[in-house]
1. Could you give the nm distance between label points at Asp57 and Asp6, where each point is 7 Å from its Cα heading toward the beta carbon?
2. Looking at the chain, which longest stretch skips every one of the chymotrypsin sites (Phe, Trp or Tyr not before Pro) that is in a DSSP loop with at most 12 other Cβ atoms within 10 Å, leaving the sites themselves out?
Amino acid sequence: MINSADSVRRYLATSTMTEPDVARYPDSETFGVFVGSPPGGRDGRSLAGYYRVDDVDYEG
């Protein structure tokens, strides 16, 4: 996160460790989707992948 404002910015993150997990990577303009085991988990995942943000059709 980058705070480009002059004021203090606070960020609160919570997790229940339930699926799916989606993370955006702005430096590479991609996002990751993980379903099944959480990152670092021992169980197998039923879906995992990285995708380019421009490939997603939000208007669909």
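A short reminder: the numbers here are calculations on the coordinates, not readings from a lab. Since the model is a prediction, treat every value here as computed from it, not as a measurement. In this analysis, Cβ positions are derived from the backbone assuming ideal geometry, glycine residues included, and neighbour counts consider all displayed protein chains.
1. Spacing of the two 7 Å Cα→Cβ label points: 4.5 nm.
2. Answer from the scan: 12-57.
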